[in-house]
Amino acid sequence: MTQPRKQGSTTAIHFGIRLYFLSFVMFFFMPQNGEAGPLKTGFLVVAADRGYLGNQEINAVMEQFRQTHPASLALIGENRQGIEGDYVEYVQRAVAELEKQGVDNIVAIPMFLSGADATLGPYQQKITALKGRAPIQWAPPMAESYLTAQILLDRVEALSADPAQEHLVVLGSGAVDEASEQRIKSDLEKLVQEVTDRHEFREVAIHVYYDRGAQDQDKKNEAIDEMIIRTAAKRGRTLLVPFAIGVKFDQRMSMEGWLGRKFGQFDIAMGKSIFSHPDVLTWLKQTANRYSDASKEQIGVLIMPHGSTQPYNDGLEKVIAPLRKRYRIEMAPGMGDPLILGQAVQKLEREGITRIIFVRMYALRDHMKARTDYILGISKQPPAALHGDLPPRIRSSAIFETFGGYEEDPLIANILRDRLMEISKRPQDETVILLAHGKMDDEENERWLDVINANIERIKQGLDRPFRAIKAMTLREDWSDKREQALAQIREEIEQGNRNGGRVLIISNRLYGSGPYQRLLEGAEFEMNGQGLVPHPNITRWLEKGIEQAIRTAGLASDPAVSVAGNAR
């Protein structure tokens, strides 16, 4: 009787050891704190069957796209041969190809200009309803991207010589009824806006061809042909841009070929369609990056300070250098210069960066925001102040997160207090002026003064002895009429502060140095701390805090390393 009990006891011990070992392995090799591992997203590119040459163009783009993202191609279209069945088999095959790569979810990217395209519509529900291991969601079509507008801009500028003497006709396709025609036309209007924001044409017209098999197709398309011919008969040059992804069985049996034969006898300059343009690949990659998780190695930081002489730039580097140990950082000094920004973005992209945290290292959060948002493609609308003189836009597949406005952070009050205490001797007799650059617009300038006054309240809370007065002022130095008025007010405050045994201290409330303050205030009696905000660890802390916040906002992978700047003061 004792032997069986002994064997059972031994078996239980072995089982316990195996269970302990399994728990040990699971503890160290499975995600902790209930966190799942990163999801793998695959991309199902859904494109119209364009025929032999057209599909070659699509496959050439797909070959490059697959080098950076798990992707497969699903061709869809009408069965022009009258054989039973449709293209669902091609879609199923493409989905299976992605699932073999172990993807957890699938994003379908429609390689169509508009979501109203006659070919795309019937397949969207079929594709979404496919029963597979990975769920399928849809990305927007091409018309939703500013990159597609850049393709149209290139096509137009390749034809145009003198916009004021030219009629521009942009031709789309894929309508089946008036509702889809209006949707496609609306999408084209948004893209054409990129062109008309930069060039004033004599006339701009947008037409949409009806799809083969649509009711009254011949009648509708013949009416469009007549309108184009009448436009060509007008005084001035006519440009025709077929902005669609048309069929291309061979060079003759293609959208461009048919249009060339149709309008060849008329004085019409014929442009190219969407394919093949390099920014189709850029759009494809950017769409995929938007739906992909980014690793720490794929996150870059682009910092844009005002920039100036070498001492200025060196001063900034002192507060940025500690962050280089933790983040991949590129600098782009200047006031939103597209060349400098573009060079920095390209450098980061070449290193495999897919997410860029763009830092506007300017005093207020709205400083340079409208301009740089437009240049980077974050905003589709150009700033009103730039209309007619628009900078080129950067064509990048990276996804941008952005922040700015160091002076609005409470950390800056501590720097200003430090600068003040470096030159203060008798606080009770001293009038302090925090002097900033200022803005031309009166309302914007008042907002800057409000920010400085908020910092003044923070400074007062940390003082052992109060000053006679602490005041916020701006020089508005770049606008002569505003500057003269500001100078008169500043001199008056200095004169009042010096009365009755008083003493005036001016603190340079700018990122680096004191600019023209000393020269413009020559003859006035004051002492100035002209160092500016850098170098100071709180600027490093502001940068680090903003970068980490941008990482969290974007749901990116954060580096758990200890803060490089230590605790905030």
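Coordinate-derived values only; no laboratory data. Just so it is clear, the structure is predicted and the values come from calculations on it, not from any experiment. Note that each Cβ is placed from the backbone with ideal geometry, even for glycine, and that neighbours are counted across all protein chains shown.
Angle, helix 442-461 long axis vs. longest principal axis of the chain, Cα atoms, 0 to 90°, nearest 10?
Helix 442-461 sits at roughly 50 degrees to that axis.
Of the options Ile109, Gln193, Leu411, report the single residue whose Cα projects farthest towards the positive end of the charge dipole of the chain (beta-carbon charges: Lys, Arg +1; Asp, Glu -1).
Leu411
Please work out the C-alpha center-to-center distance from region 214-292 to region 162-198 and express it in whole Å.
First find each Cα centre; the distance between them is then 11 Å.
Using the alpha carbons of region 144-278, what is the convex hull volume per residue in cubic angstrom, as a whole number?
106
Which whole-angstrom value gives the distance between the alpha carbon centres of region 419-450 and region 63-136?
Here the two parts' Cα centres lie 61 Å apart.
Using only C-alpha positions, report the orientation-averaged shadow area of the convex hull of region 193-265, nm², one decimal.
Answer in nm², one decimal: 6.1.
Compute the whole-percent fraction of alpha carbon pairs in region 301-410 spaced more than 25 Å apart.
Details: 1098 of 5995 pairs.
That tail contains 18 percent of the Cα-Cα pairs.
Does anyone have the angle between helix 52-65 and the longest principal axis of the chain? Alpha-carbon axes, 0 to 90°, nearest 10?
Helix 52-65 sits at roughly 30 degrees to that axis.
Give me the extension gain from Lys460 to Arg202: residue separation times 0.36 nm, minus the current Cα-Cα distance, reported in nm with one decimal.
86.7 nm
What do you get for trypsin sites (Lys or Arg not before Pro) in region 69-176 restricted to DSSP loop and a cutoff of at most 14 other Cβ within 10 Å of the site's Cβ?
Arg80, Lys131, Arg133
How much net charge surrounds Trp283 when only other residues with a Cβ under 10 Å from its Cβ are counted (Lys, Arg +1; Asp, Glu -1)?
That sum, taken over residues with Cβ under 10 Å, equals 0.
Helix-derived [θ] at 222 nm for the chain: sum -39500 (n - 2.57) over DSSP H runs of at least 4, divide by residue count, nearest 500?
Using -39500 (n - 2.57) per qualifying helix, the result is -13500 deg cm²/dmol.
Check Thr402: other-chain or 5+ apart residues with amide H under 5 Å from its amide H, H built from backbone geometry?
Answer set, sorted by chain and number: Phe358.
For region 41-140, what value does the Rg/Rh ratio take when both radii are computed over Cα atoms and Rh is the Kirkwood radius, given to two decimals?
When Rh is taken as the Kirkwood radius, the ratio is 0.94.
I need the phi-derived Karplus couplings for region 489-496: 6.51 cos²θ - 1.76 cosθ + 1.60, θ = phi - 60°, integer Hz, Gly and Pro marked x.
Per residue, the Karplus-derived 3J(HN,Hα) values read 5, 5, 4, 5, 5, 5, 4, 5 Hz.
Given all pairs of different Cα atoms, what value in angstroms does the Kirkwood hydrodynamic radius of region 475-556 take?
With all distinct Cα pairs of region 475-556 included, I get 15.3 Å.
Roughly how compact is the chain, stated as its Cα Rg over 2.2 N^0.38 Å to two decimals?
Compactness ratio reported: 1.29.
Quick one: what does P(r) look like for region 76-219 with 5 Å bins over all Cα pairs, in whole %?
2, 8, 16, 16, 15, 14, 12, 8, 5, 3, 1, 0
Give the Rg/Rh ratio for region 411-529, taking Rg as the radius of gyration of the Cα atoms and Rh as the Kirkwood radius, to two decimals.
Working: Rg = 13.5 Å, Rh = 14.4 Å.
When Rh is taken as the Kirkwood radius, the ratio is 0.94.
So who's got an amide H within less than 5 Å of the one on Ile76, skipping anything under 5 residues away but keeping other chains? H placed 1.01 Å off N, in plane.
Distant-sequence amide H within range of Ile76: Ala47, Ala48, Asp49.
Can you give the net charge of the other residues whose Cβ lies under 13 Å from the Cβ of Thr372, counting K and R as +1 and D and E as -1?
+1
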